[in-house]
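Below is one structure; the comments refer to it alone.
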Amino acid sequence: MNELPQKAYAFLKSVFGYDDFRPGQAEVIAAVLEGGPVMAIMPTGSGKSMCYQLPALVDEGLTLVVSPLIALMRDQVQQLRSLGVAAGTLNSTNDARETDEVWSSLRAGTLRLLFLSPERLAMDGLHQSLLRAGVRRIAIDEAHCVSEWGHDFRPEYRQIRTAVEAMGNVQVIAFTATADANTRADIAGRLFDRAPKIFVHSFDRPNLDLRFAAKDQPRRQIGSFLNAHRGQSGIIYCSSRDRTEKMADWLQENGFEGLPYHAGMDQQKRARNQDRFLQEDGIIIAATVAFGMGINKPDVRFVIHADMPASVEAYYQEIGRAGRDGLPAATLTLYGVEDMALRRRQIDEKSIGEERRRMEQARFTRLTMLCEAASCRRQALLACFDEQSEPCGACDICRGEVDLYDGSIDAQKALSAVYRTGQRFGAGYLTDVLTGAASETITRNGHDLLKTFGVGADKSRATWTSVYRQLFAAAALESASEQHGGFRLTEKGEAILLGRQTISLRKEQARSVEKARSRTKRGGSEATEGLDEADVALFGALRRRRLEIAREEGVAAYVVFADRTLMELARQKPLSLKEMAGIHGIGATKLDRFGQAFLEVLQASA
C-alpha cells in the first residue's frame with residue numbers, strides 16, 4: 001500500500017482540525033487514492049466519511065457520493081461548507097437558486113463533492129453531464145442497502161452499477177458499518193466490475209455501554225434510565241408509529257423534551273422535529289426505525305430500544321447512532337416474550353425464499369441469544385460479526401448487574417407445564433399453572449389437577465415469566481401456532497425436560513437499570529468525565545454560545561463545534577485564537593468563523 005501524500009495530513013489539520021487519523025482511516029484513504037475499487041466495513045463513528053471526503057481534496061477531482069436520505073445529504077453538505085469545502089447536492093428539496101449554484105460549480109470544475117440519491121443518479125442525461133464535469137469516483141454510502149442479505153435492502157441501490165458503467169467505469173468505493181460475510185460478497189458482486197480491495201475493521205464500539213433488561217413496567221424502566229441522562233440528547237426506538245406518539249407525549253408529561261418521528265407524520269412536522277434534534281441539546285426523539293440512517297449528530301448520548309430490535313445488524317446500526325464523537329454513551333434494550341414471538345411471526349409471514357427465511361431466522365436467534373446472554377454482551381455481539389474478543393468488563397453482565405444460576409430444575413418444571421397442558425398455551429397461562437393460581441379457565445381445563453399445578457408457588461410470576469422468555473430465546477421452546485401463539489417443546493426442550501441437557505438461567509434483573517442509574521448519579525455524566533465542577537460549568541456556557549450561533553446560522557449545533565471540541569476548550573481554556581487553533585476539531589475555516597465568539601466566553605470565565 002502506498003503511503004499517504006503529505007498534503008493529506010496538511011488538509012486533515014487545516015480543514016478538519018485533526019492532528020491524526022482515527023484507527024484504520026489512513027489505510028483506506030491510501031487505497032482510495034491509488035485509484036482501484038475499495039470496499040470498507042467500518043463501525044459507525046469510525047470516520048467513514050473522511051475516507052471519501054479527504055481524497056476529493058487531495059486529488060482535486062469531483063467525487064459523487066450516493067446516499068439513501070436527503071436529510072443525510074443536506075447535513076453532510078452543511079458540515080463540509082462550514083469547513084470551507086466546496087460541496088453540494090442535487091435533490092428534490094433544492095430551490096432553483098441552490099440547483100443553479102451546484103451546476104455552476106460543476107461547470108467551473110470547483111465542486112469537490114456532489115451528493116445524490118441512487119434514484120437521481122439513474123436519471124436520463126445526468127451521466128453525460130457528470131462526465132463533462134470530470135467525475136473521478138463514486139462513493140457509495142450505506143452500501144449494505146444494495147444487498148437482499150443486508151438488514152436494510154433498498155431496490156434502488158441496484159441501479160448504481162448501471163450508472164457506473166454509463167460513466168465509463170469510474171472508480172467505485174463503497175462503505176457500510178454492518179455487513180456479514182454473505183452481505184459483503186453480495187455487495188462486491190453487485191457494485192464492482194472486479195474484486196475490490198476489502199477492509200474489515202473491528203466492529204467494537206468500546207465507548208458504548210451495553211445494557212439489556214426484560215420488560216417489567218417499561219415506562220418505569222425507561223424513566224429510571226432517563227433520570228440519569230437529563231439534559232442529554234437521545235433516541236428511543238419504538239415498534240410502531242402509535243407507540244412513538246405515545247412515548248413522546250409521556251416524555252413531555254415527565255419533563256423531558258420529547259418529540260415523535262415516524263414515516264406517517266406530516267412531512268413538515270417531521271422535518272421540524274428532526275431539525276430540532278440536530279440543532280438543539282437535550283432533545284429526545286421517540287422514533288420508528290425510519291429515523292436514524294445517516295443521522296450524523298455526534299453527541300447523541302444514549303439510545304433506548306423500548307421494543308426488541310429486528311435483528312443483531314439492526315440493533316448494531318441503531319445503537320451506533322450514540323457516541324459518534326468517541327465519548328461515553330449508554331444503551332438500553334428492553335425485550336419480552338411478546339416481542340420475540342412477533343419478530344418470529346414476521347419472518348415466517350414474509351414473502352421470501354426459504355434460504356433467505358433461514359438466514360433471517362438465524363439472525364433473529366442471534367439477537368435473542370444476545371438479549372438473554374449469560375456472559376459478556378460485547379463478546380456475544382462481536383461474535384455475531386465473526387470477531388473474537390475478551391470479556392469487556394464494562395457491560396451489564398460483566399459489571400455483575402445480572403446474576404446467573406443453574407436453572408435446569410426450574411426449566412424442567414416450566415417445560416413440564418408446557419407438555420402436560422398440551423403444548424398450546426402461552427407464558428401467562430403456564431405461569432398461573434406453576435404458581436397454583438386456579439383461574440376459571442384452568443379449572444375448566446382440569447389443569448388444576450396436574451402434578452405441575454402449584455409446583456412453582458415458591459417463586460413469583462415475574463420469575464416464571466423470565467424463565468419462559470429465556471427458554472424461548474434458547475430455542476428450548478417455539479411458537480405452537482402462528483395464529484394463537486402458545487408454546488411447544490423443541491428437541492432441545494425435550495432434552496432439558498428429560499435431564500439429558502442442563503441450562504444456565506439469569507435471575508430477574510430489573511434492578512440493573514436502578515443500579516446503573518445510581519452509579520451514574522454518583523459519578524456524574526460519563527460524557528463529561530475528567531472535568532471538574534468549574535470545567536463543567538464552562539462547558540455548559542460554551543454549549544449555550546454554540547446554540548446561539550447555530551440558530552443564527554441555521555445549522556445543527558455540532559456543525560459549529562462538536563461536544564468533544566467544547567470539552568477540550570473547557571479543559572484547556574485557551575485565551576487566544578492561536579492557542580485555540582491547537583484544539584481538536586478546530587480547522588482554519590472554523591477558527592476564522594467561530595473562534596472569536598467562543599474566545600469571549602473563555603476570557604469571561606478566566
Using the alpha-carbon centroid of each, what span in Å lies between segment 192-239 and segment 37-63?
25 Å
Residues meeting the amide H criterion for residue 477 (H placed from the backbone, H to H distance under 5 Å, 5 or more places apart or on another chain) are 472, 490
With the dipole of segment 530-605 defined by +1 on each Lys or Arg Cβ and -1 on each Asp or Glu Cβ, the option from 562, 536, 576 whose Cα lies farthest towards the positive pole is 562
Given the Cα-Cα distance of residue 448 and residue 500 and 0.36 nm per residue of separation, how much length would full extension add, in nm?
15.9 nm
At what distance in angstrom do the alpha carbon centres of segment 383-431 and segment 94-138 lie from each other?
54 Å
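Which order results if 246, 215 are arranged by neighbouring Cβ count within 10 Å, fewest first?
Listed from fewest to most nearby Cβ atoms, that is 246, 215.
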Listing 590, 459, 578 by rising number of other beta-carbon atoms within 10 angstrom, fewest first, gives 578, 459, 590
Amide H to amide H under 5 Å from residue 587: which residues, 5+ apart in sequence or cross-chain, H placed 1.01 Å off N in plane?
17
List the residues, sorted by chain then number, that are 5 or more residues from residue 209 or on another chain and whose placed amide H is less than 5 Å from its amide H.
329, 330, 331
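Please tell me the relative contact order of segment 404-508 in percent, rounded to the nearest whole number, where contacts are Cα pairs under 8 Å and at least six residues apart. Present the calculation step by step, with values, prior to reporting the outcome.
Values: 161 pairs, mean separation 42.2, N = 105.
It comes to 40 percent, rounded to a whole number.
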Return the sequence-ordered ³J(HN,Hα) values of segment 389-402 in whole Hz as given by the Karplus equation 6.51 cos²θ - 1.76 cosθ + 1.60 applied to θ = phi - 60°, using x for Gly and Pro.
7, 7, x, 6, x, 10, 7, 4, 6, 4, 7, x, 7, 10
Report the one residue of 139, 409, 76 whose Cα lies farthest in the direction of the positive end of the charge dipole of the chain (charges on C-beta: Lys and Arg +1, Asp and Glu -1; origin at the Cα centre).
409
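Compute the relative contact order of the chain as a whole-number percentage, counting only Cα pairs closer than 8 Å that sit 6 or more residues apart in sequence. Each step should come with its number before you reach the end.
Details: 1039 pairs, mean separation 85.8, N = 606.
Dividing the mean separation by the residue count of the chain yields 14 percent.
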For residue 460 and residue 269 in one chain, what is 0.36 nm times their gap in residues minus the Cα-Cα distance, to one decimal in nm?
64.2 nm
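Could you put 242, 209, 216 in order, starting from the residue whose Cβ has the fewest other Cβ atoms within 10 Å?
Least crowded to most crowded, the residues run 242, 216, 209.
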Between residue 227 and residue 441, how high is the FRET efficiency from 1/(1 + (r/R0)^6) when r is the Cβ-Cβ distance and R₀ = 56 Å? Nearest 0.05.
0.90
Once phi is turned into ³J(HN,Hα) by the Karplus curve 6.51 cos²θ - 1.76 cosθ + 1.60 with θ = phi - 60°, what whole-Hz value does each residue of segment 315-326 show in order, with x for glycine and proline?
4, 4, 5, 6, 5, x, 7, 9, x, 5, 7, x
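Based on Cβ point charges of +1 for Lys and Arg and -1 for Asp and Glu, what charge dipole magnitude is obtained for segment 6-200 about its Cα centre, in debye rounded to the nearest 20? Please list the in-between numbers first.
Working: 20 positive and 22 negative charges, 69 e Å.
So the magnitude is around 340 debye.
Throughout, read-outs are computed from the coordinates displayed, never taken from laboratory work. Here the structure is a predicted model, which means the values were calculated and not measured. Counting neighbours? That spans all protein chains shown, and the Cβs are built from the backbone with ideal geometry, glycine included.
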